[in-house]
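Worksheet: the structure to be examined is printed underneath.
The values are calculated or read from the model by the stated rules, or taken from the named source; none is laboratory data. Because the structure is predicted, anything quoted here is derived from the model rather than measured. As a convention, Cβ positions derive from the backbone with ideal geometry for all residues, glycine included, and neighbour counts pool all protein chains shown. What goes into the accessible areas is simple: the full protein's heavy atoms, side chains included, and nothing from ligands, DNA or RNA. Shrake-Rupley method; radii C 1.70, N 1.55, O 1.52, S 1.80 Å.
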Number of protein chains: 4
Amino acid sequence: MTQQRLSGIFTPNLVPYDSNQQINEPELRRYVDWLIERGVHGLYPNGSTGEFTRFTLEERKRIVAIIADQTRGRVPILAGAAEANVRETLKACEYYASLGVRAVAIVAPFYYKLSPSSVYAYFKEIGKNTPIDVTLYNIPMFASPIDVPTVQRLSEECERIVAIKDSSGEIPHMIRMIQAVRPNRPEFSFLTGWDAALMPMMLVGCDGGTNASSGVVPEITRKLYDLTLAGQIDEARKVQYDLVTLFDAMLYQAEFPDGFRAAVGLRGFQMGRGRQPLSDEQLDDLSTLTNTLQCMLSEHGYTDQPVGGCPVGGAGSHTANPDVTKIVGTVVSELKRRGLIS
Amino acid sequence: MTQQRLSGIFTPNLVPYDSNQQINEPELRRYVDWLIERGVHGLYPNGSTGEFTRFTLEERKRIVAIIADQTRGRVPILAGAAEANVRETLKACEYYASLGVRAVAIVAPFYYKLSPSSVYAYFKEIGKNTPIDVTLYNIPMFASPIDVPTVQRLSEECERIVAIKDSSGEIPHMIRMIQAVRPNRPEFSFLTGWDAALMPMMLVGCDGGTNASSGVVPEITRKLYDLTLAGQIDEARKVQYDLVTLFDAMLYQAEFPDGFRAAVGLRGFQMGRGRQPLSDEQLDDLSTLTNTLQCMLSEHGYTDQPVGGCPVGGAGSHTANPDVTKIVGTVVSELKRRGLIS
Amino acid sequence: MTQQRLSGIFTPNLVPYDSNQQINEPELRRYVDWLIERGVHGLYPNGSTGEFTRFTLEERKRIVAIIADQTRGRVPILAGAAEANVRETLKACEYYASLGVRAVAIVAPFYYKLSPSSVYAYFKEIGKNTPIDVTLYNIPMFASPIDVPTVQRLSEECERIVAIKDSSGEIPHMIRMIQAVRPNRPEFSFLTGWDAALMPMMLVGCDGGTNASSGVVPEITRKLYDLTLAGQIDEARKVQYDLVTLFDAMLYQAEFPDGFRAAVGLRGFQMGRGRQPLSDEQLDDLSTLTNTLQCMLSEHGYTDQPVGGCPVGGAGSHTANPDVTKIVGTVVSELKRRGLIS
Amino acid sequence: MTQQRLSGIFTPNLVPYDSNQQINEPELRRYVDWLIERGVHGLYPNGSTGEFTRFTLEERKRIVAIIADQTRGRVPILAGAAEANVRETLKACEYYASLGVRAVAIVAPFYYKLSPSSVYAYFKEIGKNTPIDVTLYNIPMFASPIDVPTVQRLSEECERIVAIKDSSGEIPHMIRMIQAVRPNRPEFSFLTGWDAALMPMMLVGCDGGTNASSGVVPEITRKLYDLTLAGQIDEARKVQYDLVTLFDAMLYQAEFPDGFRAAVGLRGFQMGRGRQPLSDEQLDDLSTLTNTLQCMLSEHGYTDQPVGGCPVGGAGSHTANPDVTKIVGTVVSELKRRGLIS
């Protein structure tokens, strides 16, 4: 197993809550089966989509244990193992190894924004001592970035580091990483976490993805993966376009990952209310979004239309609300004037 | 006590490690006494300077317990209480209340970058249920920002929210907050976490600061506070200039908070090696920085000069290394070309 | 030409347009007199406020010629002289020197974002060949930044470079510049372009400002300058607070500099319609803003209230529209999720 | 003029200077012929690569006139026509129309960072009055961004707006634009200005590019275009990888567009010294880069190796200089700590 590249679509698992906001174990087990039956290549608990920071260490361990038990080796598991410091992270690695997961995924340190030297030192320490294969996890919008020279150096020095999951979504960055690493480590795997670029990422050399959308529409991400791999570019492009529409709605119209949670709810799971409190206005917005998502999913035949019906032209039609467009323009303009964005 | 504004300089405590990278309790106790003897107005464990994210929940609780026990009421304590979610944070608040601390300080949720609505909902939930006074902690470089309307709304709706610590360092932002809150909550306190602007922040209306420098040179920050309060602007300006030089060296020439840890080491404390691993090059750099800091501190009479002596013109002289300047220029230019900075 | 520091408030002149969107010379002359009568220390044509990029070279020259002619030496003039390249800029310097202006102000190259080395080389070439004193103009939100080592090096190598106008608004940056330059060039002048921090900037060592607000309420900026210089901190703070409210409204509620243009219109000048086209929605917004500004200016006695009256509690009252607050929150959240802002 | 989409690779022309830094007309004519002979599909004067901001209006007009005259209709010309304001821009459009160019390209207003509403109003005014087809030019790293709703609205309201050149390099953004525009305007063209993503951009639906690299290695960009169009993905990928290496060296190791100018020099043209002054250190760096570029170009057979030979493993080998890596890390870390980048 170790000499084969990690490949395919790994689903970053959402966690269903019960009415007391605790882990809803039966629903989580049911969700695992449902995903595997729909063709996901692997599972990925304790990622950003899985809200790992909102659980305690004990809860994170329990989530992986439940998923490993339910999966029973049908698909490989990538277990998010980032803890408060190197020592705690290594302890988590040991525990997950004992559960038989395929590898762990470790996000670069966050809160503090660390320099590449520190990111290197952190993963080097882990790479030297881990009892299990490690996937680096680069998500510069949330955590310290793992730059190309750091990935190259770690890949050369640490055999146990076998892959990187990159959520930057930047194509040239992916090309640079592959060019820097593959000559020395042909079995090193590159996975993209940016669903809106899955097809082009694969076409420039990626081995697959860890894509939140695959937890909602595993059929679509699997189809996109298969079509792209088969070189059916024109068909794949259409699927990629649809995925962008759906991904944008789930990602940008609610606090992450609430849009994804709402959509999984529409697929028939009781996801419960999240641990991050929402204001009344946000609950209203989420309800509106759920309606939009139901229209989108009904177009694909995954749900019925909502009771009130759906707009002509498609739920994802890009006829932006002019008021919102105007207000967004104003705000973006303000941010620019303040120099907050470039 | 509750009707009086929090004011003065609260020191965000560093945590000394023993040779096994565990909390060095005796040294921490000695450090607490030293700080109080040098005139800090309060202590602030589990802040960014105190590396709260690198400890486990149990360790964070122990740090506050040690400091509360050692302080014995001599100065008020502001205890950092941010945990994985609202429920865990409230449990921490209850524990810290039982230790008799003056208030807790709670950073906005991090990792995920939340919208103002979510930040509001988070603190509202806490504000409704906390058994102890709460200080909001705004540090937009690391965590979700707490914007002015959110501060205003929380101050109006939650009596238990009594202050904000703001580390943005932006003067107009501070003015806007004060204008928005003080009319309804005259006892609400504004503390700045940006040492390089302490004097001008106080002159526009701040009540004090939570300043990492005060853990290194409590004499200087106290003097700056007293001079500014007394309206001795010319004298205060000179002290503020010196503080900028020292703060910049500690902040920008090593991974935070290692520069501050190195400087406290020069004041006579065994800080031990930090939990974030460093590369060999970083250790070299830290050694060079320590030498520079020793020169700076010796100018103030707080240490001897290092064995090799110090540069003429002052340790903080702004004669930049031309090579470094050039390389920095190159890098900044690259980042700009990539549109990464504006 | 003298060894005296540039100091005081220099007004960055707006340019009135006639009905054909050409320079309205009579109104411009009337505006110049009005400003001088209200105590501004100097005039500053062809700055960002003066929309220098929207005029042709010939128009820029004409604007300075008109202002110089009308001023007749009553106050010094700082003429914006940035042109397409060094050669064109030097030609402009020569022309402005022939008009008898006190100095030119030259913004760092824009569009391309240049490295500090290139910014240095650009100003060095100008500094070597200029026939007139030069003020550097740092406005990082619009143009390549001029960093501290570059200011220091230019100040040491070029006698003809005598000042910097800094619009970053960052207090520690100003302190670092002053520390780096003043020891060798005690007569070098530091002017802030950020009205919302004028008082604290002066208290840390600035010599004055080039403040767009002074073109609208020259009485207030002059009062703020005088009170701060006299050490009347409590009085100055109140004026600074009022200025923040007014500045924010003019800066953030319309495309720059349209808010300032609207406010000058309320002071009795025919500013005409700007050269940057506006959508119908923007024209509506500008009309609403004009009403708000009229309320603010009427509180200071500079205008009557608008026909419909003004809100109780003051035009600048911080009762944010909850809808807007919510939408702004959503947008900011989206930008953050996309990693566009930190 | 036709209903056929603009497609293929348009070369953004560099401008050779003579020893007096004036336009070197004979060399420019020779360069035009050379490009056309090597298969570029079109020419694009007065773009960012062509340093349009460093020329006067008269010079910009002369550059297009020379290129139009030399091209004699062999390939279409896209003429950059952005001037100080709408009126001046429309005058330039009229002049370029009289020269028989295919279309103009107009960058969004720069210096000021305008809101989407203002960007819309600007292009709407142009779209209503232009005598010639218009290509929008979106380059958010230098100018006000043109967002998706703005592109959609302009495409619906203005027949004369027929294409967008997008230099953001972001794949999902390109997909969103195509989805928003193509249903109503099937002949609207999408060109990417980001060479490092040319192949994947085409695979998601782009019609071609305006790529600075095509002015240096027109053979490679043409080959990449043809292979991609033919669906020879594996071969195209290799060429794309090589192009990233070359593009990165030209873009990030010198001030733009000096790396491209140096490389064209190696192809046999006298480009002269640019108008933006360089420091001595920058000249040294440029000389080093020229050597690197010569090695890269010699690998493709376009030049001889430099006299001192080339490194084993390829000029583009990603063995980063550890010192530089370390310093870069430090700087990036500093910028992050200051919150300047996310």
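A 1.4 Å probe, protein heavy atoms only, puts the accessible area of C:Lys238 near 140 Å². Inter-copy label distances at B:Pro26, shortest first and taken from points set 7 Å along Cα to Cβ: 5.7, 8.7, 8.9 nm.
Top to bottom by accessible area (1.4 Å), largest first, where do B:Asp226, C:Asp248 land? Don't jump to the answer; show the numbers that get you there.
On the way: B:Asp226 65, C:Asp248 25 Å².
Descending order: B:Asp226, C:Asp248.
Computed extension gain for C:Asp226 through C:Asp304, at 0.36 nm per residue and net of the alpha carbon distance, reaches 25.4 nm. Summary for B:Thr288: label point 7 Å along Cα→Cβ; distances to the equivalent points in the other copies, ascending, 1.6, 5.5, 5.5 nm.
Excluding same-chain neighbours fewer than eight residues apart, the aspartates and glutamates reachable from B:Lys128 by a Cα-Cα span under 16 Å are A:Asp280, B:Glu88, B:Glu94, B:Glu156, B:Glu157, B:Glu159. Of B:Arg185, C:Arg72, the order by accessible heavy-atom surface (1.4 Å probe, DNA, RNA and ligands excluded), from most exposed downward, is C:Arg72, B:Arg185.
Over the whole of A:244-250, what's the average partner chain Cβ count within 10 Å per residue? Rounded to a whole number, please. Walk me through the numbers on the way to the answer.
Working: counts 8, 3, 0, 1, 4, 0, 0.
Mean shielding by partner chains, rounded to a whole number: 2.
How large is the charge dipole for chain D, taken about the Cα centre, if only the Cβ atoms of Lys, Arg (+1) and Asp, Glu (-1) carry charge, to the nearest 20 debye?
On the way: 34 positive and 39 negative charges, 166 e Å.
In debye, rounded to 20, chain D gives about 800.
Net charge in the neighbourhood of B:Leu78 (other residues with Cβ under 11 Å of its Cβ; Lys, Arg +1, Asp, Glu -1) is +1. For the protein assembly as shown, the solvent-accessible area with a 1.4 angstrom probe is 34 square angstrom per residue.
May I ask for the distance between the Cα centers of region A:167-182 and region C:77-156, given as a whole number of Å? Centre-to-centre (Cα) distance: 40 Å. With all pairs of different C-alpha atoms in the average, the Kirkwood value for the hydrodynamic radius of region A:222-299 is 13.8 Å. Where the alpha-carbon atoms of region B:25-172 are placed on the principal axes, they occupy 43, 33, 29 Å, in descending order.
With all protein chains in place and ligands, DNA and RNA left out, the 1.4 Å accessible area ranks D:His300, D:His173 as D:His300, D:His173, largest first.
For the protein assembly as shown, what is the per residue volume of the convex hull drawn over the alpha-carbon atoms, in cubic angstrom? List each step's numbers first, then the result.
Values: hull volume 226.8 nm³, N = 1368.
About 166 Å³ per residue, rounded to a whole number.
Counting from the shortest, the label point at A:Val312, 7 Å from Cα toward Cβ, is 5.0, 7.2, 8.7 nm from the same position in each remaining copy. Compared with its chain on its own, region B:275-292 contains the following residues whose accessible area drops by 50 Å² or more in the full protein assembly (probe 1.4 Å; ligands, DNA and RNA excluded): B:Gln276, B:Pro277, B:Glu281.
Per residue, how big is the convex hull of chain B when only Cα atoms are used? Give it in Å³. Walk me through the numbers on the way to the answer.
Details: hull volume 51.2 nm³, N = 342.
About 150 Å³ per residue, rounded to a whole number.
Share of region A:8-337's accessible area from carbon and sulfur, percent, 1.4 Å? That fraction is 48 percent. Working from label points 7 Å from Cα in the Cα-to-Cβ sense, the D:Arg62 to C:Lys238 distance is 6.2 nm.
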